[in-house]
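Novice: Structure incoming, see below.
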There are 2 protein chains.
Amino acid sequence: MSGKLRVSLTSKLLKYARVDVPFCAEDFGLDHAFDLISYADPQSFYHVLDEPSSQFKLPQADTDDSAEENQLQMCRSVEVYADDGCGTTITALAAGQLQVQVVGRFCPVVNEPYMMGRIACVSLLSSLYTMGVSGQSVLMQLTISRKLTELQRDVFLPLMVRGFEDCCKEADVKISGQQVERSRWLSIGGVALGFYDTSKKFIVQEHAVPGDVLVLTKPLGTHEAVSAFGRLQEPKTRAKILRHISEQAVGEAYRQAIKSMGLLNRVNSFLMNIYNAHAATAIGEYGFMQHAEALARRQQENVSFCITNIPVIAGMQLISKRLVKGLSPEISGGLLICMPLEQALPFIDQFKEAVGYQPWIVGSVKSGRKTVYISKDARIISQFPDNCIIELDE
Amino acid sequence: MSGKLRVSLTSKLLKYARVDVPFCAEDFGLDHAFDLISYADPQSFYHVLDEPSSQFKLPQADTDDSAEENQLQMCRSVEVYADDGCGTTITALAAGQLQVQVVGRFCPVVNEPYMMGRIACVSLLSSLYTMGVSGQSVLMQLTISRKLTELQRDVFLPLMVRGFEDCCKEADVKISGQQVERSRWLSIGGVALGFYDTSKKFIVQEHAVPGDVLVLTKPLGTHEAVSAFGRLQEPKTRAKILRHISEQAVGEAYRQAIKSMGLLNRVNSFLMNIYNAHAATAIGEYGFMQHAEALARRQQENVSFCITNIPVIAGMQLISKRLVKGLSPEISGGLLICMPLEQALPFIDQFKEAVGYQPWIVGSVKSGRKTVYISKDARIISQFPDNCIIELDE
């Protein structure tokens, strides 16, 4: 039922165990029709969200859950809002320590096994980072699809695991073990733990006040870029994409998305503690607006978030109308952070120094009814090179 | 793929959420042919071990594992011997803390859902207790068999979960969350964590010296009792059992086994720290001898274990020849502890005071070649009432 996976990376595999080397299925004699993402559970978020009709809603926190007598309260520990598809719990241990636990498994969303391992790890740890907690240990969890061929297993799994491991190492998180199971679908993720001394400050995610600014640390459009790149390979959908944007531009957007999704949100966690963040959330599969709305709802003060800037992966605004409304799902997105303006400026400087690019001030916190709205004169920020624009679909 | 289970216990179910009330399937209109254990993975330990031909061996610790270059070392943290079917790892966290993690899932071995939840919890936590570590938090993991009917789900799951929860509460372990998955088979277990300050003593399990005594904290024969009780219900096997032992005696042995399997090994952990235990292991599915042998092999000094007493659940020695050789699998067995004689005596006294019965000195540690042998004049200890013995099968 469960076991341990010990796999070796041949030098051929090692070549692809890097962020900057796109995976090449042909190199292993693998058929494109059975790419990594074909083993994703079709019930998983990104697939569902691909259909514009579906009303996939972020569950609201039960505020007035009148616990019936004899009802099993499954998590007897303090539970916090889990707004990123990850179950997050905080448990008071003996000796004044808080254990912050996040749980998440991720089906393949890109056809690059190494990057998929990284993306899963980044997504998982983000839930810790939104609370300003650094990860300490991860129990890796893998489900291996029974439908994988032996060749696919030998190529996909070592690379996925290595991607996950490399990312843990980068995050200074120890891997405390591994659970492997056979399943219908392929997934990778796990249980990540962080610890917090109760004597220290804890980012409780509900202290935004009017005057705060909203900082977003990764551009939107990851899912749109991955999806557009996939549709380019399909003869049926290829022409439709190319009506709006060049093949080269999609390729560039895809590589930018891959890089962004594989980037840890760790530095945020560190800087948020220094620069007095009032609240934060990770942007994930529910899309920018839903995550922002969930964050607004849980604030103690009556505040609303006014969005004035929408940073997107270059070109993606040309092919997706929902993206510029903040409605596209994101894969392993950045953090949305509420903090005082005077703290945001040094935060942005230090972030840039550590990560290499500048995060965006995307809006501000105003008095309001715990809602989020996009300002009428909001700007779309995109460093898209002009010569790649072909035509706008109005 | 995963989710949270929120189930309620009706008053009818609550009646069976107790150690001392045997589960009654008829009370819920459930068919005996589809008892809880029929949803156990047939590949799981107890089933395999039921066949005397199978050579199910406890894996030996890789001592000279010449790690090939580029080989994925799945657990980069320090790994300890996992001798009870649970994966145990020790991870050095920041700030001088050690995280002890045990992972285990258990398929139904008894037809009592509440007790099965308890047994899974006891088995899981035992792995922490062998190291003298107290449990702090548990992530509960459930796999729900797709073959369960709705009625079975509504009866089995709430009781199993409640049993697990009650046991956690008793052990003062917080439940930090829950992972639920659909699967072919039913199982319950999870990931348990304990923490150890590196400045404190840690029971490293390898310091037995000649002169130590061996203490066993639960009698052997749990699996034999459960199995005999099951065979009594089958017309085919019933007669064979009754040739050796009365129905009443099997029933008593079964209730004793149930009670024993549901008993936490927690007090051991506490007392082992006080009374200077040199090494310990939990007795589980590989049976007494294999677990003892694994413990002997890992000792630093050249010692052997000489077994002079074999405490068994009353009557089980009459129906199982392998039991008295220490070869029967055990379910949620006790701890086998090496400690100085002068420490064992107060240990036994305090154990009795806390738990209600006296653990057994089952042998002694001698100079030797890291083996285990049963002394020629070893005694079988059984409080079996004479009038229940029917016939010995010689």
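Novice: Which order do B:Glu301, A:Glu112, A:Glu342 fall in if you start with the one that has the fewest other Cβ atoms within 10 Å? All intermediate terms of the calculation are to be shown ahead of the outcome.
Specialist: Working: B:Glu301 15, A:Glu112 27, A:Glu342 12.
Ordered from fewest to most neighbouring Cβ atoms within 10 Å, B:Glu301, A:Glu112, A:Glu342 come out as A:Glu342, B:Glu301, A:Glu112.
Novice: Taking the Cα centre of segment B:212-388 as the origin, how large is its charge dipole in debye, to the nearest 20, when only Lys and Arg (+1) and Asp and Glu (-1) carry charge on their Cβ atoms?
Specialist: 600 debye
Novice: Hey, for B:Arg369 with labels 7 Å out along Cα-Cβ, what do the inter-copy distances come to in nm, ordered shortest first?
Specialist: 8.4
Novice: Tell me, what ³J(HN,Hα) does each residue in segment A:375-381 have, in order and in whole Hz, if you take phi through Karplus 6.51 cos²θ - 1.76 cosθ + 1.60 with θ = phi - 60° and put x for Gly and Pro?
Specialist: With the stated coefficients, segment A:375-381 comes to 4, 4, 9, 5, 9, 8, 9 Hz.
Novice: Give me B:Lys240, A:Lys370, B:Lys218 sorted ascending by neighbouring Cβ count inside 10 Å, so fewest comes first. Intermediate values should be presented prior to the final figure.
Specialist: Working: B:Lys240 13, A:Lys370 17, B:Lys218 27.
By the 10 Å Cβ count, ascending, the order reads B:Lys240, A:Lys370, B:Lys218.
Novice: I'd like the antiparallel share, as a percent to the nearest 5, of DSSP beta bridges with both residues in segment A:139-243.
Specialist: Numbers: 5 of 12 bridges.
About 40 percent, rounded to the nearest 5.
Novice: Shortest first and in nm to one decimal, what separations exist between B:Lys236 and its copies in the other chains, measuring from label points 7 Å along the Cα-to-beta-carbon line?
Specialist: 5.2
Novice: Sorted from fewest to most neighbouring beta carbons within 10 Å, what does the list B:Val102, B:Val138 look like?
Specialist: So the ranking, lowest neighbour count to highest, is B:Val138, B:Val102.
Novice: Residue by residue through A:274-283, how many Cβ atoms from other chains fall within 10 Å of the Cβ on average?
Specialist: Details: counts 0, 0, 0, 0, 0, 0, 0, 0, 0, 0.
For this peptide, the per-residue mean of nearby foreign Cβ atoms is 0.
Novice: Ok, one more. What Kirkwood hydrodynamic radius, in Å, does segment A:102-216 give when the mean of 1/r is taken over all pairs of distinct Cα atoms and then inverted?
Specialist: On the way: mean 1/r = 0.0652 Å⁻¹.
Every distinct Cα pair counted, the radius reaches 15.3 Å.
Novice: Could I ask something else about it? In nm to one decimal, list the spacings between the A:Glu26 label point and its equivalents in the other copies, with label points set 7 Å along Cα to Cβ, shortest first.
Specialist: Output for A:Glu26: 7.1 nm, nearest copy listed first.
Novice: 5 Å is the cut-off here: which amide hydrogens, built 1.01 Å from N in the peptide plane, fall below it relative to A:Lys174, excluding neighbours closer than 5 in sequence?
Specialist: The list, which skips near neighbours in sequence, is A:Ser137, A:Val138.
Novice: Starting from the amide H of B:Val362, placed 1.01 Å from N in the peptide plane, find each other amide H under 5 Å away whose residue is 5 or more places distant or on another chain.
Specialist: Distant-sequence amide H within range of B:Val362: B:Leu214, B:Val215, B:Leu216.
Novice: I would also like to ask the following. Using alpha carbons only, how many angstrom separate the centre of segment B:107-141 from the centre of segment A:132-177?
Specialist: About 26 Å separates the Cα centre of segment B:107-141 from the one of segment A:132-177.
Novice: About its Cα centre, what dipole magnitude does segment A:88-159 give when the only charges are +1 on Lys and Arg Cβ and -1 on Asp and Glu Cβ, stated in debye to the nearest 20?
Specialist: Numbers: 5 positive and 3 negative charges, 30 e Å.
So the magnitude is around 140 debye.
All of the numbers you see were taken from the coordinates with simple rules; none came from a lab. This structure is a prediction, so every number in the text was calculated from the model and none was measured. Here Cβ is always computed from backbone atoms with ideal geometry, including for glycine, and neighbour counts include all displayed protein chains.
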